[in-house]
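Let me begin by presenting the structure, written as structure tokens, before commenting on it.
The values are calculated or read from the model by the stated rules, or taken from the named source; none is laboratory data. Quick caveat: nothing in here was measured; it's all calculated off a predicted structure. All Cβ positions, even for glycine, are placed from backbone atoms using ideal geometry, and neighbour counts span all protein chains on display. We work out accessible area using only protein heavy atoms, side chains counted, and drop any ligands, DNA or RNA first. Shrake-Rupley method; radii C 1.70, N 1.55, O 1.52, S 1.80 Å.
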Amino acid sequence: MRKLTNLLAITLLSSCATGFAQSNEEPTAVDKSAEVYASGYDKFRFGGYGEILANFMDYGTNRFSGKDLGNTKDHRNSISIPRFVLAFDYKFNSKWILGVEIEFEAGGTGSAYEIENTENGEHEMEIEKGGEVALEQFHITRLIHPAFNFRAGHLIVPVGLTNEHHEPINFFGTSRPEGETTLLPSTWHENGIEVFGTFGRDYTRFNYQALVVAGLNANGFDRNTWVASGKQGIFETDNFTSPGYVARLNYIGVPGLKVGGSFYYCRNTGSNSDKQKDYAGIGSIPLRIYSADFQYKNKYVVARANMIYGNLGNTVKLSDVNNKLSGLSPYSRTTPIAKRAVSYGGEIGFNLHAICKDNKNVPVIYPFARYEYYNPQEKGEGYLTMDLRNKVGMWTVGANWYALPNLVFKADYTTRKIGGGKYNSENEFSLAIAYVGWFLNK
């Protein structure tokens, strides 16, 4: 299955040019915002996105191996298909729309976990998996009014810039921004309901989303990824005892500018655990996540910035429980878990084709630079000691060549400063090919 998925992804990467315009045009993106969701096709459309990635690294596989200097200075290379996504939209009529995205992650297939309650509640999975086939989106949309529409199903959770704009042409680097994807699920998708819309005119235009979704599961919270591994979906059904409440507001009144913010709240993530007894008697484990971001685009420059700030309650007792989870469970059990986690960063790129307008032979190339800081253990609670090896500041520089508007070749170099420079730095050179677009519409 993995070889078949890889072959299909590579074939689509090679052939998708027929669905796009010719080169030396500005890159565009798959857009499912409220105001354009139903435009551009009459009955259905089919498309998607995908990436091929190669990394050349000078560091080992475990920064936390116990060595005083952090990661070992090893040289290793890897090549992968991080994701290959097929998207399909179908109009029942002008008001009711079905939307589907299926993601093939790491080129493989997966199987769901089960809890065998007849065997002392142990986790059990019969088939090992090298990758995953996941339903990233599946929803029914009812278009009512530009300012108010309704959607239900499996939805993208729009917390952070990357989750809202997760297609590979919406960030410069060969990989998604590391800070956001370390602290938060990516792509973050959950079962739930949503209302969304656009309001205002001219310079006072905004769009918004408000969602109630399955809340994160405290079983998955750990030292190195904070709450990112708490996304539900490893079982056939999700726990909905303590829902997650999400709100996002974007200002879109200036052409090319988008300024947004989002908020996530789950009253008790422990209530969404695999077994109700896991956190019985320790009190609630509330989670709050705040994000702010902006992006600006014109024909000469693209700039983006984002910030994530999160606060998790009752982490002393949470860390104690997670450290004692069953070794057969799918969770890392790596503790302690921080009370506070932080990520921020920004990137800027310049379009050489537009800048060198007197030379039409210059291709659409964006040299860029990106800085990120993130720490899933920004602040601990009580006696918990935070590990400096989780404190990362990193620079990425590189270039994106748009052979076609929605087909991009990427190259970049990344250097990470670990623990404020106390530990060995981590450096890598990466190459990627990515595409996004609609191949067919009727």
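Some notes on this structure:
- Positions within the stretch 225-237 being assigned to a loop (DSSP other than H, G, I, E, B), over 11 Å from ASP274 (Cβ atoms) and either in contact (Cβ under 8 Å) with a residue 40 or more places away in the chain or in contact with a helix residue (DSSP H, G or I) (Cβ under 8 Å, 6 or more places away or on another chain) (or both), in sequence order: THR225, VAL227, LYS231, GLY233, GLU236
- Of all residues making up the stretch 417-442, the number that are more than 18 Å from GLY47 (Cβ to Cβ), open to solvent by less than 20 Å² (accessible area, probe 1.4 Å) and part of a strand (DSSP E or B): 5
- Number of residues in the stretch 162-184 that are at pLDDT 95 or above and within 27 Å of ASN272 (Cα to Cα) equals 7.
Here is a yes/no grid of residues against (1) within 27 Å of LEU98 (Cα to Cα); (2) touching a residue at least 60 places away in the same chain (Cβ under 8 Å); (3) in a strand (DSSP E or B):
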{"position": "GLY153", "(1), (2), (3)": "yes, no, yes"}
{"position": "PRO158", "(1), (2), (3)": "yes, yes, no"}
{"position": "GLY173", "(1), (2), (3)": "no, yes, no"}
{"position": "ASN191", "(1), (2), (3)": "yes, no, yes"}
{"position": "ASN207", "(1), (2), (3)": "yes, yes, yes"}
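- Hey, GLY233 of a type in the set (Gly, Ala, Ser), within 22 Å of the chain's Cα centre (by Cα), surrounded by fewer than 20 Cβ atoms within 10 Å (Cβ to Cβ) and modelled with pLDDT under 95 or not: yes
- Within the stretch 272-297, tally of residues that are assigned to a strand (DSSP E or B) and either surrounded by 15 or more Cβ atoms within 10 Å (Cβ to Cβ) or among the hydrophobic types (A, V, I, L, M, F, W, C) (or both): 10
- Residue count for the stretch 62-105, restricted to those that are within 24 Å of PRO168 (Cβ to Cβ) and of a type in the set (Phe, Trp, Tyr): 3
- Checked against (1) in contact with a Gly (Cβ under 6 Å, 6 or more places away or on another chain); (2) of a type in the set (A, V, I, L, M, F, W, C); (3) open to solvent by 10 Å² or more (accessible area, probe 1.4 Å), ALA210 passes all but condition (1).
- Sole exception among (1) surrounded by fewer than 19 Cβ atoms within 10 Å (Cβ to Cβ); (2) more than 29 Å from ASN390 (Cβ to Cβ) for GLY192, by number: (1)
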